[in-house]
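Read-outs: derived from the displayed coordinates by stated rules, not from any lab. Since this is a predicted model, take the numbers as computed values, not measurements. When we count neighbours, we look across all protein chains shown, and the Cβ atoms used for this are built from the backbone with ideal geometry, even at glycine.
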Amino acid sequence: MKRSNKPIFWSLFGAGGMLSALIGPALVFTTGIALPLGGVPLGYERAHAFAQNGFGKVAIFLVISLFLFHGLHRMYHSVHDLGIHVTPAMKALFHGIAALGSAVAAYLLVTL
Amino acid sequence: MRSIVLECLRYDPETDAAPRWQNYDVPFTDDMSVLQGLQYIKDHLDGSLTFRWSCRMAICGSCGAMLNGEPRLGCENFLRDYYPGPLRVEPLNHFPIVRDLAIDQSDFLAKLESVKPYIIGEPPKGPYRQTPRQMEEYYQYSQCINCLLCYAACPQYGLNEKFTGPAALALLHRYNADSRDQGKRERMPVINQEDGVWGCTLVGYCSEVCPKGVDPARAVNQNKIESAKDYFFRFFRR
Amino acid sequence: MKTYTRPVTGTWWTRNGFYRWYMFRELSCVFITLYAFILLAGLYRLGQGPEAFLAWQAALASPASLAFHVVALVLVIYHSWTWFKIMPKTMPRLPVPDGAIVAGGVIAVIAVSAAFLWTALG
């Protein structure tokens, strides 16, 4: 019986799920609704300062990376749930996009 | 006396290319179960209707069927609750039909065998000793009557018949959690494979339909953590 | 033994309320993924300077963006609720009942959200 590699992806999915469950609602509301409607005093200076800060960098990276790993892992499973045959290539694609997004986020944060 | 129409899915392997529907008008009293409705049909209307049953009290696990699209036991669901009807009666989903409402359970039986559902290890000299607290750890999982309602409920099993499935994994956990057992190591390969616990996406319908409160969803998902631990820490084991 | 196998199609989930709620729960992942990409875009614009970042911020005020975020908010709240509702099943038996774990999770979300909103909204 072949051992599955699922634990790797499941752990990332789980971490992302927990993070998005705890902070997702507040984040989506703040950046997607309150901010554009003028309720959040953000602006370039404040955002830049937050992203320069060590804690800020880690927070932004974790949110983007873990949300991606959570969402894309679940999307991969949902494709299967819709009766579409999933291949190893598709698995690589979904998780690869999450990895790429995480890498881009890391690069942007490091070079900011 | 009231009556209700039972729309039954029929299939005779010797004469039918595909299943077909047949309706029966069944007079009933408020104390009649769906199983008794089927027995009325067989005794008075159509002796060819084929279905499994035995205990009439939700312990043998034989009379499972889809009642209006939901996996239920015929003996503990009542015609009065489906009135005015009609009540659609089909064989359990996700299993091949042998004849009428009887399905082929051989896939499940093979999976049950694969999880080694028995106490493994040298017995002690004298009786096994187990505290009530230790028994609580596995008791609910030991209530499984192999009725297969959970397999009919599980869409992952429907999409992929290689998935080990809820009841087999719940019974696997029942033995792993039993303090008398030492076979966890031997059962890990079944848990760890792609079609082991990793075939489950926690739809949770299995636990919803289980007539004995086994909660297979819990049994399977507790073992995801075990499988992950086994995966990551295997190089640190002596 | 000759048997008949009924085919399973991709529309299995439409047949039953329980299944439909499951797919609704899974749908949240699409919005969480897209939201993460929106944040990533914002991060990229942040690195390009004040004008670029304010353009990103202004784009969030478009009707399409607001509509997306309202839907995303509903789904992420549903994800949050179902995550903690399910959590007891994934954990080893604890000395507290399942309901307490769910309640703990919901309280955690409310507390974290309140703290975040209090800091962000100033």
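Mind telling me which of the residues C:Gly47, C:Gly17, C:Gly105 ends up being more than 30 Å from B:Tyr138 (Cβ to Cβ), free of Cβ contacts under 8 Å to residues at least 40 places away in the same chain, more than 7 Å from every other protein chain (Cβ to nearest Cβ) and not hydrophobic (A, V, I, L, M, F, W, C)?
On the way: C:Gly47 fails: more than 7 Å from every other protein chain (Cβ to nearest Cβ); C:Gly105 fails: more than 30 Å from B:Tyr138 (Cβ to Cβ).
When all the criteria are applied, what remains is C:Gly17.
Which residues, counting only those in segment B:185-206, are under 27 Å from B:Gln130 (Cα atoms) and touching a residue at least 24 places away in the same chain (Cβ under 8 Å)?
Passing the criteria: B:Glu186, B:Arg187, B:Met188, B:Val190, B:Ile191.
Go through segment B:191-217 and give me each residue that's within 14 Å of B:Leu169 (Cα to Cα) and in a helix (DSSP H, G or I).
Within segment B:191-217, B:Ile191, B:Asn192, B:Val197, B:Trp198, B:Gly199, B:Cys206, B:Ser207, B:Pro216, B:Ala217 meet the criteria.
Go through segment C:44-61 and count every residue that is of a type in the set (A, V, I, L, M, F, W, C), over 21 Å from the mean Cα position of the chain (by Cα) and either within 26 Å of C:Trp81 (Cβ to Cβ) or buried (at least 17 other Cβ atoms within 10 Å of the Cβ) (or both).
3
Residues to consider are A:Met75, A:Met18; find the one that is in contact with a Cys (Cβ under 6 Å, 6 or more places away or on another chain) and closer than 28 Å to B:Thr201 by Cα.
Going through A:Met75, A:Met18 in turn, the sole match is A:Met75.
Of all the residues that make up segment A:46-92, how many are under 14 Å from C:Ser28 (Cα atoms) and either touching a residue at least 40 places away in the same chain (Cβ under 8 Å) or not hydroxyl-bearing (Ser, Thr, Tyr) (or both)?
Taking segment A:46-92 as the starting set, the residues that turn out to be under 14 Å from C:Ser28 (Cα atoms) are A:67-79.
Next, only the ones that are either touching a residue at least 40 places away in the same chain (Cβ under 8 Å) or not hydroxyl-bearing (Ser, Thr, Tyr) (or both) stay: A:67-75, A:77, A:79.
Summing the residues that are under 14 Å from C:Ser28 (Cα atoms) and either touching a residue at least 40 places away in the same chain (Cβ under 8 Å) or not hydroxyl-bearing (Ser, Thr, Tyr) (or both) in segment A:46-92 gives 11.
I'd like to verify a number: residues in segment A:1-21 that are over 18 Å from C:Thr33 (Cβ atoms), hydrophobic (A, V, I, L, M, F, W, C) and assigned to a helix (DSSP H, G or I), how many?
1
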